[in-house]
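See below for the structure under consideration.
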Amino acid sequence: MALWLARASSQLARRAAAATRGRFPHPPRHGGDTRPWFLGSAVPPPVMGSPAAAAAVGGYRGFCSVRHFTGKSSSAAAASDEELEDGFTDNNQVLDFPGGKVAFEARINFLPESQGERIKCYRVLDDDGQTISGSRFQEVSKEMARKMYSDMVTLQIMDTIFYEAQRQGRISFYLTSHGEEAINVASAAALSIDDLVLPQYREPGVLLWRGFTLQEFANQCFGNNMDYGKGRQMPIHYGSNRLNYFTVSSPIATQLPHAVGAAYSLKMDNKDACAITYFGDGGTSEGDFHAALNFAAVMEAPVIFFCRNNGWAISTPTSEQFRSDGIVVRGQAYGIRSIRIDGNDALAVYSAVHAAREMAISEGRPILVEALTYRVGHHSTSDDSTKYRPVDEIEHWRTARDPISRYRKWVQGNDWWSDAEESELRSRVRQELLRAIQVAERAHKPPVAELFTDVYDQIPSNLCEQEQLLRDTIMKHPADYPTDVPI
Ligand SMILES: Cc1ncc(C[n+]2csc(CCOP(=O)(O)OP(=O)(O)O)c2C)c(N)n1
């Protein structure tokens, strides 16, 4: 039966080959992964016969054919008279198929729905902030380590104060990164400023690391006339041309295909840079996630897909989001080298992104990083997460697994940080931010006319009509419109 199938497909293949020759310019890469903690981009197919035969069939071939290997190694010859594990006796047949050679087997053998054992998680620091013996990680200088720590603390303070400002009605919306400070800052530290960032919305720490000032954050949240988005976006939709940070876009996962395109353009221009895109576990259910991964794998785009698997997509737990072993296994399904890391371990995040960046650029390939973490805050100021998850779960992650205190123990253990510096940093950032908020709050809002600019060169008639309608409505109901927006 298998032989008949093979012959039939071989005939079909010859016909198809004539029509499709030259359609596969890039030989797919199999295995070849020298880094033990990364999942290889594909597992070499199980091949009947010897390891030598396995090596011989590993390469890329144009199209289908069934082949007998004539030059058997001695071990293959010895095995030929016995029944092999896959149920065949001496046929050493493989199907030469796009992507490489596929071995036949006699059993009905469905791939299991899971691998049994879950994919391991790379970590460097234990819960106590000590480096785990034997762990391999990228060295961090004292200066870098201190800046990473300071930025993690700054992000935490910024989140707390802006959150309070929203509660006081001074800004309309906010969303914290509590619990994900290591992901934000340590991943940013491993990148170069030329790398393009396409964020979701829970990564302002990347922008902070790159030099976005507290004043710039405040201007955006208050939507004043110094906001680069001219007050047209909700708070937290930051963006910066100067810092290669694409503007946050609310529709989940739309940034992923954009990142692939941006990465491909960097490759075409021979730039020593990659693109990185961040997203949550919820984002992986979007079609854009799957399109982006496949597109990146096929086009060999130097893009890092950074998934913050924080357990929740608003009220949807990951158990209702997917049944796979998280996100990491999906990378392999698309032929993308992937790794799972402890997202609350700053050194693990830094080392993994550092290695991912090198591979993405030097080998021209996408990499997927799944960081295990927890969204400690509510989804946003529009959410109360105690309605759908246990308070002790939140408390456990907020205290026992806090990435900032874990990393602080390591930095302080190196004598690179002190309690005095801690208090000085906290009070300085707090004051700076309160000042920035005062300035942002007092600044003028962009005029109404700006609502209609920057999209079309010549504003079309329907937009002109809408502008007039808006102005008429404001004149009719002035009490319903903010007095600080110039008309
Ligand atoms: C396409 C789309 N669908 C739904 C929403 C509404 N929405 C906003 S945030 C969110 C949850 C996203 O969760 P996740 O990607 O895990 O990120 P997290 O908020 O946990 O960081 C949803 C469903 C949206 N913004 N866009």
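The values are calculated or read from the model by the stated rules, or taken from the named source; none is laboratory data. Quantities reported herein were computed from a predicted structural model and do not represent experimental measurements. We place every Cβ from the backbone using ideal geometry, glycine too, and count neighbours over all the protein chains shown.
Only residues that are assigned to a loop (DSSP other than H, G, I, E, B) and touching a His at 6+ places or on another chain (Cβ under 9 Å) were counted in region 323-334, giving 1. Of the residues making up region 286-322, those that are within 16 Å of the ligand (Cβ to nearest atom) and not in a helix (DSSP H, G or I) number 16. Considering every residue within region 155-173, establish whether at least one is within 21 Å of the chain's Cα centre (by Cα), within 16 Å of the ligand (Cβ to nearest atom) and either crowded, with 18+ Cβ neighbours inside 10 Å or not assigned by TED's automatic domain parsing to the domain that holds Tyr350 (or both). Yes, region 155-173 contains a residue that is within 21 Å of the chain's Cα centre (by Cα), within 16 Å of the ligand (Cβ to nearest atom) and either crowded, with 18+ Cβ neighbours inside 10 Å or not assigned by TED's automatic domain parsing to the domain that holds Tyr350 (or both). Tell me, please, whether a residue that is within 16 Å of the ligand (Cβ to nearest atom), assigned to a helix (DSSP H, G or I) and closer than 23 Å to Ala371 by Cα can be found in region 233-255. Yes. Considering only residues that are in contact with a helix residue (DSSP H, G or I) (Cβ under 8 Å, 6 or more places away or on another chain) and not charged (D, E, K, R), which ones fall in region 465-483? Matches in region 465-483: Gln466, Leu470, Ile474, Tyr481. Out of region 356-384, which residues are away from the ligand (no atom under 16 Å from the Cβ) and touching a strand residue (DSSP E or B) at 6+ places or on another chain (Cβ under 8 Å)? Ala356, Arg357, Met359, Ala360, Arg365, Pro366, Ile367 - these are the residues of region 356-384 that are away from the ligand (no atom under 16 Å from the Cβ) and touching a strand residue (DSSP E or B) at 6+ places or on another chain (Cβ under 8 Å). Residue check: Gly283 meets all listed conditions (1) within 14 Å of the ligand (Cβ to nearest atom); (2) in contact with a Pro (Cβ under 6 Å, 6 or more places away or on another chain); (3) not in a loop (DSSP other than H, G, I, E, B) but one, namely (2).
Checked against the criterion of being out of contact with any strand residue (DSSP E or B) (no Cβ under 9 Å at 6 or more places or on another chain), closer than 27 Å to Ser385 by Cα and in the same structural domain as Ser382 (by TED's automatic domain parsing), region 185-192 has at least one qualifying residue. Taking every residue in region 307-321 that is on the phi > 0 side of the Ramachandran plot and pairing it with any residue that is in a helix (DSSP H, G or I), at least 6 positions away or on another chain, the pairs with Cβ-Cβ distances below 9 Å are Gly311/Thr318; Gly311/Glu393; Gly311/Trp397; Ile314/Gly282; Ile314/Ser385. Hey, among the residues in region 200-229 that are under 15 Å from the mean Cα position of the chain (by Cα) and either assigned to a helix (DSSP H, G or I) or not assigned by TED's automatic domain parsing to the domain that holds Ala400 (or both), which one's surrounded by the most Cβ atoms within 10 Å (Cβ to Cβ)? By that ranking, first place goes to Gly205. The residues of region 268-280 that are crowded, with 20+ Cβ neighbours inside 10 Å and either more than 10 Å from the ligand (Cβ to nearest atom) or assigned to a helix (DSSP H, G or I) (or both), listed by number, are Ala273, Cys274, Ala275, Ile276, Thr277.
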